[in-house]
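The values are calculated or read from the model by the stated rules, or taken from the named source; none is laboratory data. In this text the structure is predicted, and so the values were computed from the model without any measurement. Cβ coordinates were reconstructed from backbone atoms using ideal geometry, including for glycine residues, and neighbour counts include every protein chain displayed.
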Amino acid sequence: MPAVHRVIRRFRRPGPLVAVSVAYLALVSGIMIWRGISVSPDYLLLILVPVALVSGRFFAFLRDWVPFVALFLGYEALSGIAPKLGIRPEVGSMVHIERALFAGRDPSEVLQRHFGGLHWLLIACTVIYFCHFLFPIAVGMVLWLVDRTQFLRFTVALLAMSFAAFVFFLLLPTAPPWYAHDLGFLPGVHDLVHGTLPSAVSPYFQRLDADPVAAFPSLHAAYPTLGALALWQVSRRTALFMVPWCLAVWFSVVFLGQHYVIDVIGGIILAIATWTVMMLFVTPRVRALRDRPVAVTVVPEAGAVPGIGAGAGAGAVPRSGEHANPAEETLAPTEELPG
């Protein structure tokens, strides 16, 4: 039994546990997409339950994740309010701005004309598009397993960014390229998502009246950008591996006719601004978001007598709650992530 306990303790270290959890989440999500099931936050919360059980932190999982997912789902419910206000979305102006930036051409139209016949590319980009909710949940899972404080920062920033984007969707609705095509502004640009792969949404999302014209800023671009910024604080190597994913998402949403390039740029700027505000202004003022100090216990040198002469400072062992060296009170408790 002691050997089994040692194996369990080693498995629950952040490195192995993160690797197995990411592989498990990718496998289950891949099967769901293959079977035509939407990978939405309500499903993902249930999928993460085995990860919580294996980590030995099930009740902490409920404490941290249920409020986060509930607020996330609440935001999705609010997104249906914007179309009911009767504010007409900007269509022609978005087309003019995009063409002004790209010498009279629309990137979505150019990409679809050159690559629209590649079926494998359509499938790959659609799968990436369907991972819109999967990516922030996966980043949150990694951060929760490695550093709960960083998880809290990320989830607070993610929700704040989503609600900030909602204000744009509410007061300045903008239509995506496929919508402009339907109105005759962008001939040659089609909605390539619908019809490529089936995707049955959950019963909760079936009840929602989703906003079809929430284009600027692009949360499809903002979510992976924010995730990479949050991972940078924990593992720069892992964050760098997120750069190709960000590029793939940005390309996919433009190619599929779901966003303009200016929507993508707006999403990137929103993510950077949100994380900057989080780290510079919110984190120092909210205790739960600050790094926790790590108490350091100094082992006395052989032959040293604590409390006598010059050896007193070097050999004394701090009492509970004290720190041996004030400069070491903010040591970061992380282990390098795999990959």
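Kindly list, by first and then second residue, each pair from a residue in segment 226-238 that is assigned by TED's automatic domain parsing to the domain that holds THR149 to a residue that is of a type in the set (Gly, Ala, Ser) and not in a helix (DSSP H, G or I), limited to pairs with Cβ atoms under 9 Å and residues at least 6 apart or on different chains.
Short answer, once both residue conditions are applied: GLN233/ALA332; VAL234/ALA332; SER235/GLY339; ARG237/GLY339; THR238/GLY339.
So VAL193 fits all but one of (1) touching a Pro at 6+ places or on another chain (Cβ under 7 Å); (2) more than 30 Å from ASP147 (Cα to Cα); what number is the exception?
Status for VAL193: all satisfied but (1).
Considering (1) over 24 Å from the mean Cα position of the chain (by Cα); (2) surrounded by 18 or more Cβ atoms within 10 Å (Cβ to Cβ), say which one LEU122 fails and leave the rest.
LEU122 satisfies every listed condition except (1).
Say whether the condition of being touching a His at 6+ places or on another chain (Cβ under 9 Å), assigned by TED's automatic domain parsing to the domain that holds VAL193 and assigned to a helix (DSSP H, G or I) is met by at least one residue in segment 256-264.
Looking for residues that are touching a His at 6+ places or on another chain (Cβ under 9 Å), assigned by TED's automatic domain parsing to the domain that holds VAL193 and assigned to a helix (DSSP H, G or I), one finds at least one in segment 256-264, hence yes.
When only residues in segment 175-198 that are surrounded by fewer than 23 Cβ atoms within 10 Å (Cβ to Cβ) and among the β-branched types (Val, Ile, Thr) count, which is farthest from LEU289 (Cα to Cα)?
THR196
Taking the stated definitions as given, is PRO244 within 30 Å of TRP178 (Cβ to Cβ) and either in a helix (DSSP H, G or I) or touching a helix residue (DSSP H, G or I) at 6+ places or on another chain (Cβ under 6 Å) (or both)?
So PRO244 fits the description; yes.
Which one of these does PHE251 not meet: (1) under 17 Å from the mean Cα position of the chain (by Cα); (2) modelled with pLDDT of 95 or more?
(1)
Could you tell me which residue of segment 82-108 is surrounded by the fewest Cβ atoms within 10 Å (Cβ to Cβ), considering only residues that are more than 29 Å from the chain's Cα centre (by Cα) and more than 25 Å from LEU171 (Cβ to Cβ)?
ALA103
When only residues in segment 95-113 that are free of Cβ contacts under 8 Å to residues at least 12 places away in the same chain and outside any helix (DSSP H, G or I) count, which is nearest to PRO176 (Cα to Cα)?
Among those that are free of Cβ contacts under 8 Å to residues at least 12 places away in the same chain and outside any helix (DSSP H, G or I), it is ARG105.
Test of understanding: among VAL66, VAL142, which residue is touching a helix residue (DSSP H, G or I) at 6+ places or on another chain (Cβ under 9 Å), crowded, with 16+ Cβ neighbours inside 10 Å and aliphatic (A, V, I, L, M)?
Numbers: VAL66 fails: crowded, with 16+ Cβ neighbours inside 10 Å.
Every option except VAL142 fails the conditions.
For segment 23-38, enumerate the residues that are buried (at least 21 other Cβ atoms within 10 Å of the Cβ) and at pLDDT below 90.
Passing the criteria: none in range.
Being touching a Ser or Thr at 6+ places or on another chain (Cβ under 9 Å) and surrounded by fewer than 16 Cβ atoms within 10 Å (Cβ to Cβ) is the filter; apply it to segment 270-290 and report the residue that is nearest to VAL156 (Cα to Cα).
Of everything passing the filter in segment 270-290, ALA288 is nearest to VAL156 (Cα to Cα).
Restricting to segment 109-119, name every residue that is crowded, with 18+ Cβ neighbours inside 10 Å and of a type in the set (A, V, I, L, M).
The answer is LEU111, and nothing else.
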